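For reference, the structure discussed in these notes is given below.
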Amino acid sequence: MDLRPEAVRKLLVHLKRLPGIGSRSAQRLAEHLLTCPEEEVEALAASLAHLRSSVRLCSQCFLLTAEDPCPVCQDPDRDRSVLLVVEDPTTAWSVEASGAYHGLYHALLGHLSPLHGIGPDELTIDALVKRVASGGFQEVILGTNPTVEGETTALYIARLLEPYNVVVSRPASGIPMGGDLGAVDQVTLGQALTLRRKL
Amino acid sequence: MSETTDDAIVLDAVPYQDRHQIVTVLTAQHGLIRGVLRGARGGKHPLAAATQLLSKVRLTIWRSPNAELATYRSIELERPSFALAETIERSAAASAIAELFVTFCPPEEAAPRHYRLANAVTAALLEGLDSGALVAYTGLWILALGGLLPELDVCSSCGAPLGDTFHLTSGEAHPVCETCAPPGSPLVDVRAAAFLRRSLSTSPAAMAAAPAPPGAARWLDRLIVAEAARRLKALEFFRKTVSNGR
């Protein structure tokens, strides 16, 4: 006999649909929600209900934002001569956390994947080219992922940006900080040695 | 199948759950297989480099009876494919070639000739040989191995030997002689016909030393799309990329 009340069973079904949550994790989360202070559960429910209605894509850079244009596009202190192109809007969160970048962003909302029917029209490439064509940028950093498809996307965009007077660059790739050379895969290691720098 | 080890060419990899990938491979001995590679998602993992398009890998494959997907218990990268991303044409060709194998290679059936074709074409593509010729070569052989390539030496209508050029029937685009050709039917010219015939007895590396004649690629695309009975988006993207690059 299943002793779990229907509300708990429903919650488990929804929790298990979340990435990285299996049956046991879902049960642990449900137990926590049943035993923690009620205000916490209400706050969580309210933030979940509010999430989809309050977050949208910035109409200029396609980052996730509560206001349009997003705070980055509105910020007069950002370096408006540099544009970092990323595949996913959430990648910008990690870049911001690094504190090493102060320019503007453009999220493609994916990468070219002809095998899966994702061509240039399914991404925000047209909007990117229009932004660059409108002038003001001196450098466009193509921060797509270092996969064959990510590299293809970068090459495709680089070709489209050829007519404009901008430097097109890629982030460096190689061994992660704090990494162990012996544990790095052969492709990354080869790339790191090819792109070595002089001390 | 219980546990087995095999060489394979990676044809596709899609995310599965939070940390895994479903990887489609063409193996040397067991044909086209779809399976789960646990922990392959995310660039931090060494496995991520092994599941790139057209990488050559050595896999340990395990399948429980009645399971829809195999499980890859180990994967070793034998020949990386990152050099394919050095030019947009080569990279688009890699997608088009992978799409041809996924579309026409029968799943779960031993297909050693398909594997040898994939291996040789990928090696030639990595060498930087002409990507258009290699896509055409792959298309021709994929059709031939599937028994879908019409005779190139005899008229499909009257059986008479064909000359240096041939016409095409309007519907199926099969080769016909001048006498049997319907009025206004397209002509496959001397260069295109020679490329197609020579490809059936020559290595991909030798055929891709020069670009494929446009007539050969056009005819093959027509046949391929007709046999697949659907749009081949990676092939379309490749054609668009090549024409934009000119």
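The values are calculated or read from the model by the stated rules, or taken from the named source; none is laboratory data. The shown structure was predicted, so the numbers you read here are calculated from the model rather than taken from an experiment. Because the Cβ atoms are built from the backbone with ideal geometry, glycine has one as well, and the counts that use them run over all protein chains shown. What goes into the accessible areas is simple: the full protein's heavy atoms, side chains included, and nothing from ligands, DNA or RNA. Shrake-Rupley method; radii C 1.70, N 1.55, O 1.52, S 1.80 Å.
When you look at B:Leu26, is it under 28 Å from B:Glu227 (Cα atoms), at pLDDT 95 or above, open to solvent by less than 10 Å² (accessible area, probe 1.4 Å) and in a strand (DSSP E or B), yes or no?
Working: under 28 Å from B:Glu227 (Cα atoms): yes; at pLDDT 95 or above: yes; open to solvent by less than 10 Å² (accessible area, probe 1.4 Å): yes; in a strand (DSSP E or B): yes.
Considered against the rule, which asks whether it is under 28 Å from B:Glu227 (Cα atoms), at pLDDT 95 or above, open to solvent by less than 10 Å² (accessible area, probe 1.4 Å) and in a strand (DSSP E or B), B:Leu26 comes out as yes.
Condition first: within 12 Å of another protein chain (Cβ to nearest Cβ) and touching a strand residue (DSSP E or B) at 6+ places or on another chain (Cβ under 7 Å). Now tell me which residues in region B:46-56 satisfy that.
Filtering region B:46-56 for residues within 12 Å of another protein chain (Cβ to nearest Cβ) gives B:46-55.
B:Leu47, B:Ala49, B:Ala50, B:Thr51, B:Gln52, B:Leu53, B:Leu54, B:Ser55, listed by residue number.
Give the residue, chosen from A:Val166, A:Val129, that is in contact with a Leu (Cβ under 6 Å, 6 or more places away or on another chain) and without any contact (Cβ under 8 Å) to a residue 40 or more places away in the chain.
Numbers: A:Val166 fails: in contact with a Leu (Cβ under 6 Å, 6 or more places away or on another chain).
Going through A:Val166, A:Val129 in turn, the sole match is A:Val129.
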Considering only helices (runs of 4 or more DSSP H) fully contained in region A:1-102, which possess at least 2 residues that are in contact (Cβ under 8 Å) with a residue 40 or more places away in the chain and under 21 Å from the mean Cα position of the chain (by Cα)?
A:91-98
Based on what the data block shows, is A:Asp68 in contact with a Gly (Cβ under 6 Å, 6 or more places away or on another chain), farther than 20 Å from A:Ala172 by Cα and surrounded by fewer than 19 Cβ atoms within 10 Å (Cβ to Cβ)?
no
Under 8 Å between Cβ atoms, at least 6 apart or on separate chains: pull out the pairs that start in region B:80-100 with a residue that is within 16 Å of B:Lys56 (Cα to Cα) and end on any residue that is in a helix (DSSP H, G or I) and aromatic (Phe, Trp, Tyr).
B:Ser95/B:Phe237; B:Ser95/B:Phe238
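Among the listed residues A:His111, A:His106, which satisfies the condition of being assigned to a strand (DSSP E or B) and either away from chain B (no Cβ under 14 Å) or open to solvent by 20 Å² or more (accessible area, probe 1.4 Å) (or both)?
Working: A:His111 fails: assigned to a strand (DSSP E or B).
Result: A:His106 is the single residue among A:His111, A:His106 that is assigned to a strand (DSSP E or B) and either away from chain B (no Cβ under 14 Å) or open to solvent by 20 Å² or more (accessible area, probe 1.4 Å) (or both).
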Just to confirm my filter: which helices (runs of 4 or more DSSP H) fall fully inside region A:120-199 and include at least 3 residues that are open to solvent by 90 Å² or more (accessible area, probe 1.4 Å)?
A:186-194
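Can you tell me which residues in region B:129-147 are away from chain A (no Cβ under 14 Å) and of a type outside the set (Gly, Ala, Ser)?
Start the filter on region B:129-147 by keeping residues that are away from chain A (no Cβ under 14 Å), which leaves B:129-130, B:132-134, B:136-147.
B:Leu129, B:Asp130, B:Leu134, B:Tyr137, B:Thr138, B:Leu140, B:Trp141, B:Ile142, B:Leu143, B:Leu145, listed by residue number.
Being within 14 Å of chain A (Cβ to nearest Cβ) and not hydroxyl-bearing (Ser, Thr, Tyr): is that true of B:Leu126 here? Full working, then the answer.
Numbers: within 14 Å of chain A (Cβ to nearest Cβ): yes; not hydroxyl-bearing (Ser, Thr, Tyr): yes.
So B:Leu126 passes the test.
Test of understanding: among B:Ala85, B:Ala93, B:Ala98, which residue is more than 8 Å from chain A (Cβ to nearest Cβ) and either under 18 Å from the mean Cα position of the chain (by Cα) or not in a helix (DSSP H, G or I) (or both)? Let's see the steps before the verdict.
Values: B:Ala85 fails: more than 8 Å from chain A (Cβ to nearest Cβ); B:Ala98 fails: more than 8 Å from chain A (Cβ to nearest Cβ).
Checking each option against the conditions leaves just B:Ala93.
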Being open to solvent by 20 Å² or more (accessible area, probe 1.4 Å) and polar (S, T, N, Q) is the filter; apply it to region B:113-156 and report the residue that is nearest to B:Ala28 (Cα to Cα).
B:Asn119
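Kindly evaluate B:Tyr72 against the criterion of being of a type in the set (Phe, Trp, Tyr), at pLDDT 90 or above and in a helix (DSSP H, G or I).
On the way: of a type in the set (Phe, Trp, Tyr): yes; at pLDDT 90 or above: yes; in a helix (DSSP H, G or I): no.
No: the conditions fail for B:Tyr72.
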Give me a count of the residues in region A:79-103 that are more than 14 Å from chain B (Cβ to nearest Cβ) and open to solvent by 10 Å² or more (accessible area, probe 1.4 Å).
15
Which condition breaks for B:Pro65 when tested against (1) within 10 Å of chain A (Cβ to nearest Cβ); (2) open to solvent by 30 Å² or more (accessible area, probe 1.4 Å)?
(1)
